[in-house]
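Asks: What follows is a single structure, and I will ask about it in a moment.
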Amino acid sequence: MSNVIHFPRRPDHRFIEIDGGVIRSATKTMKVGTVSLPYEAGTFRFFVTLIDEDGGELGLWHGASYDDAVREAEQARLDFDITAEVLDRVAGWPQ
């Protein structure tokens with residue numbers, strides 16, 4: 001049992017988020033099964049995610065370039081017709 005209590009995130013609107021981190025392990029699931037991707041471990045990646053009203057998350061993009069992440073996040077904001085500014089957990093919010 002853990003002493004950490006995870007409260008659900010309840011945003012009042014949809015938004016796009018940029019986050020980043022070091023990949024600890026990676027796998028790819030295909031029709032023939034799941035394979036390990038050891039070359040991904042230890043690399044830093046940026047992630048662009050859509051957060052919807054009920055807190056659900058949809059991964060939209062990941063890559064090694066922060067500038068690409070910003071471009072992808074802004075494009076996703078337009079594609080999903082989101083008026084809120086991008087939440088940038090890497091450089092601060094809003095950008």
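The values are calculated or read from the model by the stated rules, or taken from the named source; none is laboratory data. Computed from a predicted model, the values in this text were never measured in an experiment. For neighbour counting, all protein chains shown are included, and Cβ atoms are generated from backbone atoms with ideal geometry for every residue, glycine included.
Asks: Need pairs with beta-carbon distance below 6 Å; first residue under 21 Å from Glu53 (Cβ atoms) and within segment 70-91, second surrounded by fewer than 17 Cβ atoms within 10 Å (Cβ to Cβ); sequence gap 6+ or separate chains.
Replies: Ala84/His13; Glu85/Pro94; Val86/Gln95; Leu87/Trp93; Asp88/Gln95; Arg89/Asp19
Asks: Cβ-Cβ under 6 Å, sequence separation 6+ or interchain: first residue in segment 28-42 and more than 15 Å from His62 (Cβ to Cβ), partner of a type in the set (D, E, K, R). Which pairs?
Replies: Between residues of segment 28-42 that are more than 15 Å from His62 (Cβ to Cβ) and residues that are of a type in the set (D, E, K, R), the close pairs are Val35/Lys28.
Asks: Output the number of residues of segment 65-95 satisfying the condition of being hydrophobic (A, V, I, L, M, F, W, C) and either in a strand (DSSP E or B) or more than 13 Å from the chain's Cα centre (by Cα) (or both). First the steps, then the outcome.
Replies: Let us first name the residues in segment 65-95 that are hydrophobic (A, V, I, L, M, F, W, C), namely 69-70, 73, 76, 78, 80, 82, 84, 86-87, 90-91, 93.
From the residues that got through so far, the ones that are either in a strand (DSSP E or B) or more than 13 Å from the chain's Cα centre (by Cα) (or both) too are 78, 80, 82, 84, 87, 91, 93.
Final tally of qualifying residues: 7.
Asks: Inside segment 16-41, can you point out the residues that are out of contact with any Ser or Thr (no Cβ under 9 Å at 6 or more places or on another chain) and modelled with pLDDT of 90 or more? Quick ask: steps written out before the conclusion?
Replies: The initial filter retains those residues of segment 16-41 that are out of contact with any Ser or Thr (no Cβ under 9 Å at 6 or more places or on another chain), namely 20-21, 24, 29-33, 39.
If the condition is that a residue be out of contact with any Ser or Thr (no Cβ under 9 Å at 6 or more places or on another chain) and modelled with pLDDT of 90 or more, then Gly20, Gly21, Arg24, Thr29, Met30, Lys31, Val32, Gly33 are the ones that fit.
Asks: How many residues are closer than 17 Å to Leu78 by Cα and surrounded by fewer than 11 Cβ atoms within 10 Å (Cβ to Cβ) when one looks only at segment 11-57?
Replies: Residues in segment 11-57 being closer than 17 Å to Leu78 by Cα and surrounded by fewer than 11 Cβ atoms within 10 Å (Cβ to Cβ): 1 in total.
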